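**Q** Following this message is one structure expressed as structure tokens.
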Amino acid sequence: MPGANSIVGLASNLDTTAIIDAMIAADRQPALFMERDKAWKSLEITKFKALSARLLALQSSINALNDERGFSQASIQVSNSNILTASAESAIGTGTYTLNVDSLAKNHQIASQGYTDVTSALLGTGTTTISIGDDNPTTIELSEDNNSLIGLKNAINDANIGITASIINDGSASKSYRLVLSGNETGAQETISFSSSLTGGEAPDFINSSFDNPETTGFSVSATSQVSLGATSSFTGATNKAFTFTIAGTGTQTVGSGDITIDWTDGTDSGSIVVSQADTEIIGPEGLKLSFADGDLVAGDTFTVSTFAPLLQKASDAQVSMGSSDGGASPIIINSKTNTVKDIITGLTVELKNITTAETGPVIISTGLDTSAIRSKLNSFINAYNDVMEFIDKENSFNSDTEEGGVLMGDVTVQMIQSRLSGLIINPIVGLDKSMSALSAIGIRVDQDGKLALKSSSKLTSALKEDFEAVMRLFVDGGDSDNTGISFLSTSPEITGGSEFEIDITQAATHGYYQGGNISDPSTTPISLTSSNNKIQLRIDGRVSEVMTLTAREYSSSADLVNEIQTRINNDKNISAMGVTAEWVDTGSGKGYIKLTSSSYGSASKAELMTSIPNSAYADLGLSAGTLHAGLDVAGTINGESATGQGQVLTGDEDNVNTAELQLKITLTEAQVSSAIEGNITITKGLASVLAEKLDNITKSGSGIIDTKTSSLEKQIENIDKQIKSLDERLAIRRESLVLEFIELEMVLSQLQTESAFLESQLEGIAANFAQMTGKK
């Protein structure tokens, strides 16, 4: 049997394939309509996705206006950034300021005398005491195991006392290794103190200036006299330098046989000394004394003597003068222990880099609100909004010239989106002052085409200058509280602008602390700590400190004791930035206890002891018998509905009807909490916030309006595909049936044609026989 695609009317001479195709095509007309519908719906999906992309761009521009920190940007101009830089975290006042950097803050640096070796036991044994600033001194023991230069360096660094020790090689021929101590912090008060009680070696000296031994840098081989440092030499200068000595005269000169003149220079000053006899101290510059042994000196030969002053860098504060002395004015002097000066101008942080000079002149700082950044964000918002509206207008309109409508023309979803967005833009923000509750208050209006435009730039500038806070509230969520201890943090989409809430606090947030047991006041019963009982280790808010070593000595006052503990905490690399405080609490009758307090708030705020450490001081300090007091989270209700506290943050519970997810910061103290209502707060919803919430409802993946619409269209397309498939399957069966029918028709026609031919041949035979019999042709 021939296949469906190879049917030819052999018997009928009909194009049976074309006839079948025409019949099937006629029956398939409904599928063509469905395919056109499917193509249109696919085009609708494409347009909705294009609309969603524009709405997401609008949402992005809105988010840039929905952040108080990003909205209030400062404009800062510095005339010379090589001298200083300036920054601010938020908007600051407008002004112009003249600054001179008179000095920079520096850390203290001192160096010891030179040593020949870093690993040999040259320092002796005993103790050294070292401290910086007001910190209690730390005692470091030197034994035969660590009394080398490198041993002392490591011991100082391991003590974590705010001082870094290092060893330098100054390149001199002898005793070239020096121990350098550097304070980790800058400031005039951060000076290093060092003392020692060592025997059997040469103790480090960070106080006395000295001369190094002479170095014969240019002696000829015929020079036989040796030069040495006089025993009574005492450097009287304050600046490290090198004196160069040159033998004057001519030829070889014998020490003790007449006067020998030796010229010297330090690069700035110069002079001469005269050597008349051997082994006698000759007075040189700045307290230098030299002695020459018997022998010869050769004219032109040179030697050097270097000086050494232990003070490498003086600890100093930064000093800045603000203002100009022109016209008899008197600038104000500002001192800072660091080169980061905060609030030199309210809200401004200045980083000092170099001092000003007559050549550089003063630095001029101009501050104000960065209106250009705000304008840029507003323009981005306006352009993104107009892009959405132009797209909707194009796709939801009829073009009379082309007599074609937009793909989304008449779509209820598109019309609803446009209506909601335009309504939010036009309507005033609930809860704001009427004078600053709509975009028109800052010069932004909707034109006749429904597009946004900044119609009055001067109105925006004036609003930003005169009432920046009100302009910001036009876009950003806020809360007006009648109690300074209650402030707004964030709200939820369900809470509308203008909503008022009563705040009833039952528990203020508190710090966690560790309360030691009662012990005698060290002023009456001194506490002695040694290497066997001077270790403590803390865990603050879950973070563990290093094992801290308290200075081994006798403490005869409570202030001295807690200051030592505080010093170790402040210098611990793990918890120094956590604001932990150590204090003595006097309980009377010559007793008291040590209290360690975390700076954080709430149940996560804890100050604990790590008990499994050797040589702990816990027993002697009364800490073994102490008690842990975890901090308390703030507790209370918002408008009578339950709320959950975490630290100082109070959040309305998520299943609340009116206050779910409302977040407030409660900074009230326990003394400020009473049985009455603590305060009231009124929530305002900014335009950026309201638009962001609405756009999220429209564009949210999975459940947003557009996703719901496109999902519906995709299901419709899926149903159309099923209907087309079902129809095509039925038509395939119909085609096969028609093929069979036409095949059968051809077979019948072929049989009839055969029979017809047979009958025709029979008749022709009969006719021939008849003609033959009758003689007729």
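**Q** Filter segment 531-552 for residues that are open to solvent by 60 Å² or more (accessible area, probe 1.4 Å) and outside any strand (DSSP E or B) and give the result.
**A** Ser531, Ser532, Val547
**Q** I would also like to ask the following. Considering only segment 292-329, state which residues are open to solvent by less than 20 Å² (accessible area, probe 1.4 Å), part of a strand (DSSP E or B) and closer than 22 Å to Gly114 by Cα.
**A** Phe303, Val305, Thr307, Phe308
**Q** Residue check: is Pro614 outside any helix (DSSP H, G or I) and free of Cβ contacts under 8 Å to residues at least 60 places away in the same chain? Give the derivation first.
**A** Working: outside any helix (DSSP H, G or I): yes; free of Cβ contacts under 8 Å to residues at least 60 places away in the same chain: no.
Criteria not met by Pro614.
**Q** Taking only pairs six or more apart or across chains, which ones have beta-carbon atoms under 8 Å, a first residue in segment 269-280 that is over 20 Å from Thr239 (Cα atoms), and a second residue that is β-branched (Val, Ile, Thr) and open to solvent by 70 Å² or more (accessible area, probe 1.4 Å)?
**A** Note: pairs meeting the criteria are Ile273/Ile283.
**Q** Go over the candidates Asn157, Asn146 one by one and state the one that is surrounded by fewer than 18 Cβ atoms within 10 Å (Cβ to Cβ), without any contact (Cβ under 8 Å) to a residue 40 or more places away in the chain and part of a helix (DSSP H, G or I). Break it down into steps so the answer makes sense when it comes.
**A** Numbers: Asn146 fails: part of a helix (DSSP H, G or I).
The unique qualifying residue is Asn157.
**Q** Still on this structure: Just give me the residues in segment 44-77 being of a type in the set (A, V, I, L, M, F, W, C) and open to solvent by 70 Å² or more (accessible area, probe 1.4 Å), in sequence order. Spell out how you get there, then give the answer.
**A** Applying the first criterion (of a type in the set (A, V, I, L, M, F, W, C)) to segment 44-77 yields 45, 48, 50-51, 53, 55-58, 62, 64-65, 71, 74, 76.
Selection gives Leu56 alone.
**Q** Also, quick follow-up: Of Leu691, Leu727, Leu740, Leu664, which residue is within 30 Å of Arg36 (Cα to Cα) and either surrounded by 11 or more Cβ atoms within 10 Å (Cβ to Cβ) or of a type in the set (Phe, Trp, Tyr) (or both)? Please lay out each step first, then the result.
**A** Details: Leu691 fails: within 30 Å of Arg36 (Cα to Cα); Leu740 fails: within 30 Å of Arg36 (Cα to Cα); Leu664 fails: within 30 Å of Arg36 (Cα to Cα).
Going through Leu691, Leu727, Leu740, Leu664 in turn, just one is within 30 Å of Arg36 (Cα to Cα) and either surrounded by 11 or more Cβ atoms within 10 Å (Cβ to Cβ) or of a type in the set (Phe, Trp, Tyr) (or both): Leu727.
**Q** Something else about it: Mind checking whether some residue in segment 674-686 is open to solvent by 40 Å² or more (accessible area, probe 1.4 Å), at pLDDT 90 or above and not polar (S, T, N, Q)?
**A** Yes, segment 674-686 contains at least one residue that is open to solvent by 40 Å² or more (accessible area, probe 1.4 Å), at pLDDT 90 or above and not polar (S, T, N, Q).
**Q** Filter segment 416-445 down to the residues that are open to solvent by 60 Å² or more (accessible area, probe 1.4 Å) and in contact with a strand residue (DSSP E or B) (Cβ under 9 Å, 6 or more places away or on another chain), then identify the one that is nearest to Glu500 (Cα to Cα). Spell out the reasoning first.
**A** If we filter segment 416-445 for residues that are open to solvent by 60 Å² or more (accessible area, probe 1.4 Å), which is where we start, we get 416, 419-420, 426-428, 430, 433-435, 445.
Retained after the next criterion (residues that are in contact with a strand residue (DSSP E or B) (Cβ under 9 Å, 6 or more places away or on another chain)): 426, 430, 445.
On the way: Ile426: 24, Val430: 12, Arg445: 30 Å.
Here the residue is Val430.
**Q** Could I ask something else about it? If you scan segment 160-205, which residues turn out to be open to solvent by 30 Å² or more (accessible area, probe 1.4 Å), part of a strand (DSSP E or B) and not hydrophobic (A, V, I, L, M, F, W, C)?
**A** Thr164, Ser166, Asn169, Tyr177, Asn184, Glu185, Thr186, Ser193, Ser195, Ser196, Ser197, Thr199
**Q** Which pairs have Cβ atoms under 7 Å, sit 6 or more apart or on different chains, and link a residue in segment 79-104 that is among the small types (Gly, Ala, Ser) to one that is open to solvent by 40 Å² or more (accessible area, probe 1.4 Å) and assigned to a strand (DSSP E or B)?
**A** Ser79/Ile364; Ala86/Ile76; Ala86/Val78; Ser87/Ile76; Ala88/Ile76; Ser103/Gln319
**Q** Could you please find all residues in segment 702-724 being open to solvent by 50 Å² or more (accessible area, probe 1.4 Å), of a type in the set (S, T, N, Q) and touching a residue at least 60 places away in the same chain (Cβ under 8 Å)?
**A** Gln716, Gln723, listed by residue number.
**Q** Kindly provide the set of residues from segment 108-126 that are part of a strand (DSSP E or B) and buried (at least 19 other Cβ atoms within 10 Å of the Cβ), ordered by number.
**A** Pass one, segment 108-126, residues part of a strand (DSSP E or B): 108-111, 115, 125-126.
Within segment 108-126, His108, Ile110, Ala111, Tyr115 meet the criteria.
The values are calculated or read from the model by the stated rules, or taken from the named source; none is laboratory data. Just so you know, these numbers come straight off a predicted model, no measurement behind them. Please note: Cβ atoms are built from the backbone with ideal geometry, for glycine as well, and neighbour counts cover all protein chains shown. Ligands, DNA and RNA are stripped out before the accessible areas are found, and what is left, the full protein with its side chains, is counted by its heavy atoms. Shrake-Rupley method; radii C 1.70, N 1.55, O 1.52, S 1.80 Å.
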